[in-house]
Amino acid sequence: MLAVFAATGYAQNADDICGIFHSKDPFSKEGSQCEIYKASDGTYEAKVVWVENPKKKNQLGLVFMKGLTYNAKDKEYQNGKIQYPGKKGTYKAFIRIVDGGKTLKMRGYLGVSLFGMTVDWTRESKVREQK
């Protein structure tokens, strides 16, 4: 039984994605935090709640990801759309929860997921103090 649990990851429900996460911008390498929450339409969204670079405070509160839906069979959040601050266009996204819920693997891409980038987001207990 334990081997099956370890092989499939931990059991999760759709709201397990909700919380505060830290990541490094893959382009600037600067840190930021986002909050993932359930929107009124039942999908999941993410907004910026802390930025490492004080010059980017104008991004606080920006909802940059929308439309994520949970696929229980695949244990994956799918159909997301990302609007990356400072970049043109809208990217598709999907997210997988790994490491017992401590990490999210977010894949953003154009067209097919083969042409994209995966960014790790680490769960944190609270929003950092903004400077």
**Request:** Look at S125 and say whether it is buried (at least 17 other Cβ atoms within 10 Å of the Cβ), under 26 Å from N13 (Cα atoms), among the polar types (S, T, N, Q) and within 16 Å of the chain's Cα centre (by Cα).
**Result:** no
**Request:** Could you pull out the residue among G61, G67 that is within 16 Å of the chain's Cα centre (by Cα), in a loop (DSSP other than H, G, I, E, B) and modelled with pLDDT of 95 or more?
**Result:** G61
**Residue count for the stretch 62-79, restricted to those that are in contact with a Ser or Thr (Cβ under 8 Å, 6 or more places away or on another chain) and surrounded by 19 or more Cβ atoms within 10 Å (Cβ to Cβ)** = 3
**Message:** Take the residues in the stretch 26-58 that are surrounded by fewer than 18 Cβ atoms within 10 Å (Cβ to Cβ) and under 12 Å from the mean Cα position of the chain (by Cα); name whichever of them is farthest from V127 (Cα to Cα).
**Reply:** Y37
**Asked** Out of (1) over 18 Å from G19 (Cβ atoms); (2) assigned to a strand (DSSP E or B), the odd one out for L114 is which?
**Response** (2)
**Message:** I'm trying to understand the selection: among the residues of the stretch 35-58, which are more than 23 Å from F94 (Cα to Cα), charged (D, E, K, R) and in a loop (DSSP other than H, G, I, E, B)?
**Reply:** E52
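The values are calculated or read from the model by the stated rules, or taken from the named source; none is laboratory data. None of the values given here were measured: they were computed from a predicted structure. So basically every Cβ, Gly included, is an ideal-geometry build from the backbone, and we count neighbours across all protein chains shown.
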